[in-house]
1. Return yes or no: is LEU68 touching a residue at least 40 places away in the same chain (Cβ under 8 Å) and either part of a helix (DSSP H, G or I) or touching an Asp or Glu at 6+ places or on another chain (Cβ under 7 Å) (or both)?
2. Which one of these is at pLDDT below 85 and in a helix (DSSP H, G or I): VAL22, VAL53, VAL57?
3. If I filter the stretch 56-74 down to residues being among the β-branched types (Val, Ile, Thr) and within 14 Å of the chain's Cα centre (by Cα), which single residue comes out as surrounded by the most Cβ atoms within 10 Å (Cβ to Cβ)?
4. For the stretch 9-55, what are the residues that are loosely packed, with under 14 Cβ neighbours inside 10 Å and touching a residue at least 24 places away in the same chain (Cβ under 8 Å)?
5. Sort out which residues of the stretch 1-19 are modelled with pLDDT under 75 and of a type in the set (D, E, K, R), and write them in order of number.
Amino acid sequence: MEGLDTLMALSAAGVLRPRSGVFAVVLAAGLSRRMGFNKLLAPLCGKRVLWHVLELVAGLRVFWRVRLLLRTAR
């Protein structure tokens, strides 16, 4: 977590700026077989796990675009 803490601190200080062509890809296509349900939709502190991840990535203010990779329903 040390690297993430550093990124967050630099972002909060305004040192990091979004750059054209820099993307974040959030991988959310797992089957969650061991959990028995979609773990990204599990509640955590009043929000879904996936929402926490997206807020964190967006809050870094480094990425020009954020892409969410999902699995299609069968």
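The values are calculated or read from the model by the stated rules, or taken from the named source; none is laboratory data. What you see is a predicted model; the values in this text were computed from it and never measured. Positions of Cβ are backbone-derived with ideal geometry, glycine not excepted, and every protein chain shown enters the neighbour counts.
1. Values: touching a residue at least 40 places away in the same chain (Cβ under 8 Å): yes; either part of a helix (DSSP H, G or I) or touching an Asp or Glu at 6+ places or on another chain (Cβ under 7 Å) (or both): no.
In short, no.
2. Values: VAL22 fails: in a helix (DSSP H, G or I); VAL53 fails: at pLDDT below 85.
Of VAL22, VAL53, VAL57, the one residue that is at pLDDT below 85 and in a helix (DSSP H, G or I) is VAL57.
3. Step one: list which residues in the stretch 56-74 are among the β-branched types (Val, Ile, Thr), which gives 57, 62, 66, 72.
Then drop every residue that is not within 14 Å of the chain's Cα centre (by Cα), which leaves 57, 62, 66.
Numbers: VAL57: 16, VAL62: 18, VAL66: 14.
Filtering the stretch 56-74 for residues that are among the β-branched types (Val, Ile, Thr) and within 14 Å of the chain's Cα centre (by Cα), the one surrounded by the most Cβ atoms within 10 Å (Cβ to Cβ) comes out as VAL62.
4. Result: ARG17, PRO18, ARG19, SER20, GLY21, VAL22, PHE23, VAL25, LEU27, ALA29, GLY30, LEU31.
5. Selection gives GLU2, ARG17, ARG19.
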